[in-house]
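Below is one structure; the comments refer to it alone.
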Amino acid sequence: LERVPLEQRLMIHLVRKEYDVAVGILAGMRYPRDWYGGYSALRAAEQLETRYPEQVLAFYMTGLGSLSCSGSRKEYAHNARVVLKLRHTWVDVLGQPERWRAFAKKVKGENQHRPAFQEEFARVIPDWKEI
């Protein structure tokens, strides 16, 4: 399997139900910047999130650009989609909404003077305006 690309190896181990090996592979990967070529890693992360939520959170975190620097709307939209996955893992998988709220409050506060950032996050994240 050494010659097989990482994403394919990851999916092979998932099919074989070798979850500990699969999460080890995922831990060495970065969140994809676009859907092309990264779909398998995201699907694998979703399959592993209930067994290894902290490792999947760490994988999702690799997808975040700088959250405290100005960027384009496209970057803000990408970061919002990644943060939505973090929110899902904290709230729905781990049952720790307080961790989500602490993270979200910090991010929102650091970006309060970036209206485009706030608009993109409010468009993607359901409770962003209430935070």
Completion exercise
Summed over the other residues with a beta carbon less than 15 angstrom from that of A27, with K and R at +1 and D and E at -1, the charge totals -2
Exercise for the section: For D127 and R33, calculate 0.36 nm times their separation in residues minus their Cα-Cα distance, and state this gained length in nm to one decimal. Expected result: 31.4 nm
Completion exercise
For T62 the rounded accessible area (nearest 10 Å², probe 1.4 Å, non-protein molecules ignored) is 40
Practice task
With Kirkwood radius over Cα pairs in Å in mind, check [x] 14.4; [y] 15.0; [z] 15.5 and report the label derived from this structure.
Solution key: [z]
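Please arrange I12, I125, I131 by accessible surface area, largest first, computed with a 1.4 Å probe and ligands excluded. Before the final figure, lay out the partial values.
Numbers: I12 55, I125 0, I131 35 Å².
Order by accessible area, largest first: I12, I131, I125.
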Problem - Dipole of the chain [Lys/Arg +1, Asp/Glu -1 at C-beta], most positive-end residue of Q8, C69, W90 - result: C69
Exercise for the section: Please state the charge dipole magnitude for the chain, taken about the Cα centre, from unit charges on C-beta atoms (+1 on K and R, -1 on D and E), reported in debye and rounded to the nearest 20. Expected result: 200
Handout entry: Under 23 Å, Cα to Cα: Lys pairs in the chain, sequence gap 8 or more or different chains
Key = 12
Completion exercise
Ordered by number, the trypsin sites (Lys or Arg not before Pro) in the range 26-125 that occupy a DSSP loop and have at most 14 other Cβ atoms within 10 Å are R30, R33, R51
Exercise for the section: Roll a 1.4 angstrom probe over the protein heavy atoms and tell me the percent of accessible area of the chain that is carbon or sulfur. Expected result: 53
Exercise for the section: Grab the other residues whose beta carbon is less than 11 angstrom from that of V83, score K and R as +1, D and E as -1, and report the net. Expected result: +3
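The values are calculated or read from the model by the stated rules, or taken from the named source; none is laboratory data. Not measured: the values here are computed from a predicted model. Backbone-built Cβ (ideal geometry, glycine too); neighbour counts: all protein chains shown. Accessible surface areas use protein heavy atoms only, side chains included; no ligands, DNA or RNA. Shrake-Rupley method; radii C 1.70, N 1.55, O 1.52, S 1.80 Å.
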